[in-house]
Amino acid sequence: MKALDFRRFSSFGFASGVVFWIVTILSIAANPCFSVTTNAFSDLGASSANAPWIYNYGLVVAGGVALLYSVALMDWSTNKVEVAGSAFMVVAGIFLALIGIYPSGTRAHTFVSLWFFLQADLAIASWGIGLMVAKKRLLGILSIAVAILAPVGAEIVT
């Protein structure tokens, strides 16, 4: 039996982001009162939103796609630090899907959304450090910069 080639999921990282933004744009269109500067994206999946299922099902799909991408990352890993980063991304994909299962207003929402962001940031930082170990300095520096700047940008927006 031929081994499964996970490299075919290499574009799924990009695809996960595309799914998220398409779902978010559709959800914003269904909720004209939504404001990027006032509301959290999670508000699009709350029971008070118009068609919250769009956002919630979309997050489940985006999380599944991110999970498959993380398996491809594991397949590409050349050192243990990259493997750790890939494992963090597996967990982040699961928690992204859980945000859709536990939308804003449910008891577990704050926990699953916080852990998604923490795990995703750890994944990006770890992968960047792993790239540095693999002597891919520019990509490593860019990944680490994203891991540092993403939470700063999120804090500025909120």
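Here are a few things to note about the model shown:
- Helix 52-76 axis, angle to the chain major axis (alpha carbon atoms, nearest 10°): 0
- Cα long-axis angle, helix 12-30 against the chain (0 to 90 degrees, to the nearest 10): 10
- Matching label, semi-axes √(5λ) of the Cα gyration tensor in Å computed from the structure shown, candidates (i) 29, 18, 13; (ii) 23, 21, 14; (iii) 30, 19, 16: (i)
- Relative contact order for the chain, counting Cα pairs under 8 Å that sit 6 or more residues apart, in percent: 21
- Between 0 and 90°, nearest 10: helix 109-133 axis offset from the chain longest Cα axis: 20
- Across region 42-49, rounded Karplus estimates of 3J(HN,Hα) from the backbone phi angles (6.51 cos²θ - 1.76 cosθ + 1.60, θ = phi - 60°) give 4, 4, 5, x, 5, 5, 7, 7 Hz, Gly and Pro being marked x.
- Working note: 222 nm ellipticity from helices only, DSSP H runs with n ≥ 4, each -39,500 (n - 2.57), summed and divided by the residues of the chain, gives -25000 deg cm²/dmol to the nearest 500.
- Net charge dipole size for region 10-157 [Lys, Arg +1 and Asp, Glu -1 on Cβ; Debye, nearest 20]: 280
Any read-out appearing in this document is the output of simple, stated calculations on the displayed coordinates, not a laboratory observation. Quick caveat, the model's predicted, so the values are computed rather than measured. FYI the Cβ positions are ideal-geometry reconstructions off the backbone, even for glycines, and counts take in every protein chain you see.
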